[in-house]
Amino acid sequence: MSSETSAKPLSSSRAKSLNGICRVPGDKSISHRALMLGGLASGETKISGLLEGEDVINTLKTMQAVGALAHKDGDDWIMSGTGNGLLLAPDGAFEFGNSGTGCRLCMGLFGAYDFPTTYKGDASLSSRPMSRVLNPLREMGVQVLAEEEGGRLPITLQGPWQTAPIDYVVLVPSAQVKAAILFAGLNTPGVTKVVEPHLTRDHTEKMLKGFGAELEVTTAANGERRISVEGQGKLVGQDVTVPADPSSAAFPMVAALIVEGSEITLPDVMLNEARVGLITTLMEMGGDIEITNKRNSGGEEIGDLVVKSSELKGITVPAERAASMIDEYPVLAVAASFAKGETNMIGLHELRVKESDRLAAVARGLEMNGVPCEEGDDWLKVQGRPDGKGLGNISNNASVATHLDHRIAMSFLVMGMASEKPVIVDDGSIMETSFPGFVNLMNGLGGSIG
């Protein structure tokens, strides 16, 4: 299913306050991986709380195309896997829509099989480079039979009779590259190793262990992590509970901070240390965020967030925090627009190759809505206006260009809830890829989006 649907412009107006319990969808990263490993493992996997957005449903369809069985039982999804090493050759190309995670991880998972696989996506995904995944796969013996210039989709891979294990250093922090290599290692004899100098999301490691993979993680004194997986072992189906996605929780969280008189509760949010960079940053800016009811679920720490409107102040966000909040910088820029003083965000080079050039998209959107900002190659400076005076649409109902990017759309709709004038985005339909029901949820809290 492609996410290229007819554009749906949306406008967001100033809210009086936001109040209530806000249940955001299940974590997208966990949802993708649960479907992939559930479709690969022997036996049955029950997935509770799966994010049923377009990105994840495309991964579900992809796993069904290689032999996994899946059906819905009430609110749960039941997967019957093929067994490690027993995936089947698909009849046609895989359609990933807007999902870089689904596409890159499946390239690793399927690339180690001796049959051809073709990967397609929408215009946004097709513009994103895949070389960072293709290069290690080539080292393992995978052939790239077809690709567009610069390693872009559509891409066709052909696995060898038997892939070779590698010892690979991921120089650019990327959980997707790490996961793709480890997934390829599942059907590779011997031990496949990944070295990451900087911590990235560790959901893959935790879930692989949970499904029975022989996996070892060591951390050096300098913080460098080495992850090793033994190939061709048995994986066994599990019960997986998907916690609330902290990247989705970011939008109502920021909205509650910047809309006066607000107080919301976000239950069951994942608090993995590699995912809480935005929460840490907003607290440093003066955000009133209380974490309650901390507990462990399926190897992941989760908790409830109580968020109240706050007087934010500008800070400098350290570059080393980028990996733990790379998807949240667009909505952080919105929070910074209502903070006192200047907020400096550095080390943002990865934003250039997300669903859109997010750094440029955010800067243009801020300018269009009256927010003074400066953009560099890998940095953004935002000068805030705490009362929102003069912010919002300043140029004859012009709309923010979302570039098929769900996070750009949601971020600027959040801005409209606190700005003096409404904020318009050119397309809200793309939000279904990661946050089905976003508009209804925010309006239910007291927002005015339509």
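Could you list Cys373, Cys22 in order of exposure, starting from the residue whose Cβ has the fewest other Cβ atoms within 10 Å?
Cys373, Cys22
Can you work out the Karplus-derived ³J(HN,Hα) for every residue in the stretch 233-240? Use 6.51 cos²θ - 1.76 cosθ + 1.60 with θ = phi - 60°, whole Hz, and x for glycine or proline.
Once θ is set to phi - 60°, the couplings for the stretch 233-240 become x, 8, 10, 10, x, 9, 8, 10 Hz.
Spelling out what I want: for every residue of the stretch 260-274, take phi, set θ = phi - 60°, compute 6.51 cos²θ - 1.76 cosθ + 1.60 (Karplus), and round to whole Hz; glycine and proline get x.
4, x, 8, 7, 10, 10, 10, x, 6, 7, 5, 10, 3, 4, 8
Could you tell me the distance between the Cα centroids of the stretch 359-395 and the stretch 149-207, to the nearest Å?
37
In vacuum, with every alpha carbon of the chain counted as one equal point scatterer, what does the Debye formula give for log10 I(q)/I(0) at q = 0.05, 0.09, 0.10 Å⁻¹? Two decimals, please.
Log-scaled intensity ratios, in q order: -0.17, -0.55, -0.68.
Once a ≥ b ≥ c are taken as the square roots of the eigenvalues of the Cα gyration tensor of the stretch 1-140, is the result rounded (a/c under 1.5), prolate (a/b larger than b/c) or oblate (a/b not larger than b/c)?
It is oblate, given that a/c is not under 1.5 and a/b is not larger than b/c.
How would you classify the stretch 28-241 from its alpha-carbon gyration tensor, with a ≥ b ≥ c the square roots of the eigenvalues: rounded for a/c under 1.5, else prolate if a/b is greater than b/c, otherwise oblate?
rounded
Which residue fluctuates most in the GNM of the chain (Cα springs below 10 Å): Pro330, Pro197, Pro252?
Evaluated over the chain, the most mobile residue of the options is Pro197.
Could you list, bin by bin from short to long, the percent of Cα-Cα pairs of the stretch 339-402 in 10 Å steps?
Taking every Cα pair in the stretch 339-402, the percentages come to 22, 49, 28, 2.
Sequence gap at least 6, Cα distance under 8 Å: using those rules, report the relative contact order of the chain to the nearest whole percent.
Normalised by residue count, the contact order of the chain is 20 percent.
Could you order the peptides 272-284, 391-403 from most to least packed, using the average number of other C-beta atoms within 10 Å per residue?
Put in order of decreasing packing, that is 272-284, 391-403.
Hey, can you grab everything whose amide H is under 5 Å from the amide H of Gly261? Only 5+ residues off in sequence or another chain; H modelled, so Pro and N-termini drop out.
Ser309
Sort His349, His203 so the one with the fewest other Cβ atoms within 10 Å of its own Cβ comes first.
His349, His203
Once you have a ≥ b ≥ c as the square roots of the Cα gyration tensor eigenvalues for the stretch 262-389, tell me rounded if a/c is under 1.5, and otherwise prolate or oblate according to whether a/b is larger than b/c.
It comes out oblate by the Cα gyration axes.
Return the long-range amide H neighbours of Met140 (sequence gap of 5 or more, or a different chain), with a cut-off of under 5 Å between placed amide H atoms.
none
Run the numbers for Ser13 and Ser131: contour at 0.36 nm per residue of separation, minus the present Cα-Cα distance, in nm.
38.3 nm
All of the numbers you see were taken from the coordinates with simple rules; none came from a lab. Everything numeric here is computed off the predicted structure, so don't read it as measured data. Heads up, the Cβs are rebuilt from the backbone with ideal geometry, glycines too, and the neighbour counts pull from every protein chain shown.
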